[in-house]
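Following: one structure in structure tokens, then a few remarks.
The values are calculated or read from the model by the stated rules, or taken from the named source; none is laboratory data. None of these values were measured; they are calculated from a predicted model. With ideal geometry, Cβ positions are generated from the backbone for all residues, glycine too; neighbour counts draw on all protein chains shown. Note: areas computed on protein heavy atoms with side chains; ligands, DNA, RNA excluded. Shrake-Rupley method; radii C 1.70, N 1.55, O 1.52, S 1.80 Å.
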Amino acid sequence: MDETPFASPAPLDAEGALLLAYANGDREAARELTVSLAPRVLGQATRMLSDRAEAEDVTQEVMLRLWHVAPDWRQGEARVATWLYRVTSNLCTDRLRRRRGVGLDDVAEPPDPTPSVTDRMQGEARMRALSDALAALPDRQAQAVALRHLEGLSNPEIAAIMEIGVEAVESLTARGKRALAATLRGRKEELGYGDD
């Protein structure tokens, strides 16, 4: 990672002149360089890192390194912009390597979206209890309740399927729900509903 400011010959550039002026004590030259160069560094670092906060850290580091090399800068041996882009690229590459080098033990375990064994068993027990209770209902009540509350169909859709009126569907589902509640009332704690 060669960051010497005099690596290759280059034509004179305005930024090099400003850097020399800064090295000779011109604080306005530093302000002009910062306004001109920092956005370029930030843009390059953001593109490479895809992380604005990290890119801002890199920008700060690059500018600090530029101020440190200013006293040794030899106009005409390298362009400031070329040096700047090379240092930015090197710092970003180092950060990217560190990201990839994170140990497996340091990476947080992703949350497992699948329900626990206990939750699955409880869900299965609830479905069995509901199926058994539905099976104990008269056929048309069981069909109306299942279409409404398990399949999510509207009352008019159920009426069309069962070839009955909407009022009849409402009556069947209401009676079916009451019968299910009565059948399952004594099993709330067993099915994990507690105080629900």
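Which residue, of 86, 95, 65, is over 30 Å from residue 21 (Cα atoms), surrounded by 11 or more Cβ atoms within 10 Å (Cβ to Cβ) and either at pLDDT 85 or above or in contact with a Pro (Cβ under 6 Å, 6 or more places away or on another chain) (or both)?
Numbers: 86 fails: over 30 Å from residue 21 (Cα atoms); 65 fails: over 30 Å from residue 21 (Cα atoms).
Going through 86, 95, 65 in turn, just one is over 30 Å from residue 21 (Cα atoms), surrounded by 11 or more Cβ atoms within 10 Å (Cβ to Cβ) and either at pLDDT 85 or above or in contact with a Pro (Cβ under 6 Å, 6 or more places away or on another chain) (or both): 95.
Can you tell me which residue in region 136-158 is surrounded by the most Cβ atoms within 10 Å (Cβ to Cβ), limited to those that are more than 45 Å from the chain's Cα centre (by Cα) and not polar (S, T, N, Q)?
The first filter runs over region 136-158 and keeps only residues more than 45 Å from the chain's Cα centre (by Cα), leaving 136-141.
Still in the running and not polar (S, T, N, Q): 136-140.
On the way: 136: 12, 137: 20, 138: 12, 139: 8, 140: 15.
Looking at the filtered set, the residue picked out is 137.
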query = Filter region 98-117 for residues that are open to solvent by 90 Å² or more (accessible area, probe 1.4 Å) and not in a loop (DSSP other than H, G, I, E, B); which is modelled with the lowest pLDDT?
reply = 104
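Looking at region 46-62 only, could you name the residues that are touching a Lys or Arg at 6+ places or on another chain (Cβ under 8 Å), among the hydrophobic types (A, V, I, L, M, F, W, C) and under 27 Å from residue 18 (Cα atoms)? Outline the logic, then answer.
From region 46-62, those touching a Lys or Arg at 6+ places or on another chain (Cβ under 8 Å) are 46, 49, 54, 58; that's our starting set.
Keeping just the survivors that are among the hydrophobic types (A, V, I, L, M, F, W, C) gives 49, 58.
Correct list: 58 only.
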